[in-house]
Amino acid sequence: MASTGAAVAQPAVPGGATSKLEQVAEFPHQVTGVTVSQDGRIFVNFPRWTEDSPISVAEVMKDGSIKPFPDEDWNAWRNARKDEMTPQDHWICVQSVVADQRGNVWVLDPAAPAQAQVVQNGPKLVRIDLASNRVAQTIAFDETVAPQGSYLNDVRFSPDGRHAYITDSGAKGAIVVVDLARGKAKRVLDGHPSTQPEKGLVVKADGKELRRPDGRGVEFAADGIALSPDGRHLYWQAIKGKTLYRIATDVLETKGLQAGQDIGLEVEDYGKNGVADGLLIGRQSGLMYVTALEEDAVKVRDLSAGPKAEPRILVQDKRLRWPDTFAEGPDGAVYVTTSRIQDSAFFKPDAPKSLTTQLWRIDQSGGGATGSVNQSPAQK
């Protein structure tokens, strides 16, 4: 079921290798998150945005089919049965799944269907042991961490396994720092300019301003998040924003989480990525991958070159409709989902409630530091 576009002999990043876009799976629901475990198992999630999705977290099987994960009971929540089901032990509106390097998959549930009201006692970060496929830990977030209007979006884990860092892309952007052993969390940079939508910026899709029927544009706050391989710096940016920001993780953990101090002055402007959703820093390459949703593309950026370095196109293809979330496989391959947000009922009232979406694999011959533009026939 793999599908590739024709590679164009046009250098996009230094070097001369070819990057190919291969379809791994297609889903009957709107996908956002993806992750790949150390043994190659693939997991995805389907948030409850415009439909009451019958499955929230799934494992992608080798034939491309999906299996509820960790089981059907955790996936049994339905909006229509909200008052019948306990929010603590069911997936409500999952936004992200991330595998660590310790044999676990973590599931981030902001518990805000349609990105609206947060279900009481629903926001949580859940660790699932892959050896047993059972829930091993649940960290619940109260209203000081996930208040009404919040939408916990994506998460990264420190190399020592002690902390998690979460973006909040909701009404008031923030970063959430979590002490995993103690199950304690704190919002930091709450309302700080680096975590808010950029004023005056208009997000486009298909070359046109992307707006809802009532005239509102894209207003997502802090969303994309990435951690340096050594765990020393956390990077993030708002979708409605072009600037990449970073901060030292020891500041997040000491001054932020432990002392509760204002750490706004510790934030560093790290240059321009352009409008982006997902971010990923390769474990071996140290390169930052950037989803360029306005350009139907994936870009790559050499962070070692400093904040003035600009992202360059790695793969560009019309099938990359709103490239959303990245994952890195054990072999270094990069996976990306296409959530097709611009095609959803949020922006197109006549759109079907359920969108067909895809999972892609970027095959980088010769390593992650090189590539050429991969365009679909429609772009030639």
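Of note:
- Residue tally, condition of a type in the set (Val, Ile, Thr) and buried (at least 24 other Cβ atoms within 10 Å of the Cβ), over the stretch 20-35: 3
- Members of the stretch 124-136 that are in contact with a Gly (Cβ under 8 Å, 6 or more places away or on another chain) and either among the aliphatic types (A, V, I, L, M) or free of Cβ contacts under 8 Å to residues at least 12 places away in the same chain (or both): Leu130, Ala131
For (1) within 22 Å of Gly264 (Cβ to Cβ); (2) touching a Pro at 6+ places or on another chain (Cβ under 9 Å); (3) at pLDDT below 95, each residue gets a yes or a no:
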| residue | (1), (2), (3) |
| --- | --- |
| Asp154 | yes, no, no |
| Ala164 | yes, no, no |
| Asp168 | yes, yes, no |
| Val178 | yes, no, no |
| Ala181 | no, no, no |
| Arg216 | no, no, yes |
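- Residue under evaluation Ala222, criteria (1) open to solvent by 10 Å² or more (accessible area, probe 1.4 Å); (2) closer than 22 Å to Val118 by Cα; (3) not hydroxyl-bearing (Ser, Thr, Tyr), criterion not met: (1)
- Lone qualifier among Glu310, Glu266 - being acidic (Asp, Glu), on the phi < 0 side of the Ramachandran plot and modelled with pLDDT of 95 or more: Glu266
- Looking only at residues in the stretch 313-365 that are at positive phi and modelled with pLDDT of 95 or more, the one that is surrounded by the most Cβ atoms within 10 Å (Cβ to Cβ) is Trp322.
- Checklist (1) under 19 Å from Val218 (Cα atoms); (2) among the polar types (S, T, N, Q); (3) in a loop (DSSP other than H, G, I, E, B) applied to Ser285, failing item: (1)
- Restricting the stretch 79-105 to residues that are surrounded by fewer than 19 Cβ atoms within 10 Å (Cβ to Cβ), of a type outside the set (Gly, Ala, Ser) and more than 15 Å from Gln120 (Cα to Cα), the residue that is modelled with the highest pLDDT is Arg102.
Here is a yes/no grid of residues against (1) closer than 17 Å to Lys272 by Cβ; (2) touching a helix residue (DSSP H, G or I) at 6+ places or on another chain (Cβ under 9 Å):
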position: Gly200; (1), (2): yes, no
position: Leu227; (1), (2): no, yes
position: Leu234; (1), (2): no, yes
position: Leu257; (1), (2): no, no
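- Residue selected from the stretch 252-282 under the condition within 30 Å of Asp363 (Cβ to Cβ) and of a type in the set (D, E, K, R), by the criterion most open to solvent (accessible area, probe 1.4 Å): Lys272
- From Ala205, Ala174, residue being more than 22 Å from Phe43 (Cβ to Cβ), modelled with pLDDT of 95 or more, surrounded by 15 or more Cβ atoms within 10 Å (Cβ to Cβ) and small (Gly, Ala, Ser): Ala174
- For the stretch 40-76, taking the residues that are outside any loop (DSSP other than H, G, I, E, B) and within 19 Å of the chain's Cα centre (by Cα), the one that is surrounded by the fewest Cβ atoms within 10 Å (Cβ to Cβ) is identified as Glu59.
- Any hit, the stretch 151-164, residues being without any contact (Cβ under 8 Å) to a residue 24 or more places away in the chain, part of a strand (DSSP E or B) and within 17 Å of Phe46 (Cα to Cα): no
- Of the residues making up the stretch 131-165, those that are aliphatic (A, V, I, L, M), open to solvent by less than 30 Å² (accessible area, probe 1.4 Å) and over 19 Å from Pro229 (Cβ atoms) are Ile139, Val145, Ala146, Leu152.
- Residue check: Gly286 meets all listed conditions (1) touching a Ser or Thr at 6+ places or on another chain (Cβ under 7 Å); (2) modelled with pLDDT of 95 or more but one, namely (2).
The values are calculated or read from the model by the stated rules, or taken from the named source; none is laboratory data. The structure displayed is predicted, hence computed values, not measured ones. Methodologically, a virtual Cβ is constructed for each residue, glycine included, from the backbone with ideal geometry; neighbour enumeration extends over all protein chains shown. All accessible areas refer to the heavy atoms of the entire protein, side chains included, with ligands and DNA or RNA removed. Shrake-Rupley method; radii C 1.70, N 1.55, O 1.52, S 1.80 Å.
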